[in-house]
Structures are given as C-alpha cells and as structure tokens.
C-alpha cells in the first residue's frame, strides 16, 4: 500500500519532535518547491534519493485496444523519476 502525505507528516512528527503544525508546513513547503521547479522545467535532484525531470512527448497516433480505431494522442509533458545508485543499492542489498 502506498504511503500517504499524512503518514509522512506523522512519521516526521514522531522522529523529530517538531510540532505537528511545523511538520505539516515542512512537508507542504517541500512538495510545493518541487512542484514549482518542475513547473518551470527545472530538474530536482535529491542526493542519495533520485532525480525528477520533465520530458516532453510529441503528438502521436495510438490505437484503441478494444476497437482498433486510430486516435490522436496529444503532445504533453510528463514527469520522470530516476533513482540514485545509492538508493538502488540500498533496496537491492541482501540482508
């Protein structure tokens, strides 16, 4: 099951001893900064964790899998995430 923002706030509260309000503010501010930078097209890198980048996808023709009908898929921007080698190594470390 995926961890929610509220669960992250609760864990931060437990681990740091900061007030709940300060933890909410810290998490919200961090996520806002990441969203703003990605919105500007800037990559966001957290050493030891990973890097988010914004990539542009061109318009293309796709197919409806149920009918086989050709449909136009519009151009769009997507967020990509690449984990750091440190995180990859930690996840794949045998205990």
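Between residue 76 and residue 33, what is the spin-label point distance in nm, taking each point 7 Å from the Cα along the Cα→C-beta axis?
Result: 2.9 nm between the two label points.
For the range 7-38 and the range 69-95, write down the distance between their C-alpha centroids in whole Å.
Taking the Cα centre of each part, the range 7-38 and the range 69-95 sit 24 Å apart.
Compute the length gained on full extension between residue 4 and residue 25: take 0.36 nm times their separation in residues and subtract their Cα-Cα distance, giving the result in nm to one decimal.
Values: separation 21, 0.36 × 21 = 7.56 nm, distance 1.55 nm.
Roughly 6.0 nm would be gained on extension.
For Cα pairs less than 8 Å apart in space and 6+ apart in sequence, what is the mean separation divided by the residue count of the chain, i.e. the relative contact order in percent?
Relative contact order comes out at 20 percent.
Taking square-rooted eigenvalues a ≥ b ≥ c of the alpha carbon gyration tensor, is the range 1-40 rounded, prolate or oblate, where a/c under 1.5 means rounded and, failing that, a/b exceeding b/c means prolate? Please report the intermediate quantities before stating the final value.
Details: a/c = 3.46, a/b = 1.59, b/c = 2.17.
Note, shape of the range 1-40 comes out oblate.
Could you estimate the translational diffusion coefficient of the chain from the Stokes-Einstein equation, with Rh from the Kirkwood formula over C-alpha pairs, at 20 °C and 1.002 mPa s, in whole µm²/s?
Rounded to a whole number, D works out at 128 µm²/s.
On a 0 to 90 degree scale, rounded to 10, what angle separates helix 20-39 from the longest Cα axis of the chain?
The two axes meet at around 30 degrees.
With everything on Cα atoms, drop me the angle between helix 5-16 and the longest principal axis of the chain, reported from 0 to 90° to the nearest 10.
Tilt of helix 5-16: around 30 degrees.
Between residue 61 and residue 40, take the C-beta separation as r, use R0 = 25 Å, and let me know the FRET efficiency to the nearest 0.05.
On the way: r = 31 Å, r/R0 = 1.22.
The value I calculate is 0.25.
Where a number appears in this text, it was derived from the coordinates with a stated rule and is not lab data. Worth saying up front: this structure is predicted, and the values here are computed from it rather than measured. Using ideal geometry, Cβ is built from the backbone for each residue, glycine included, and neighbour counts are taken over all protein chains shown.
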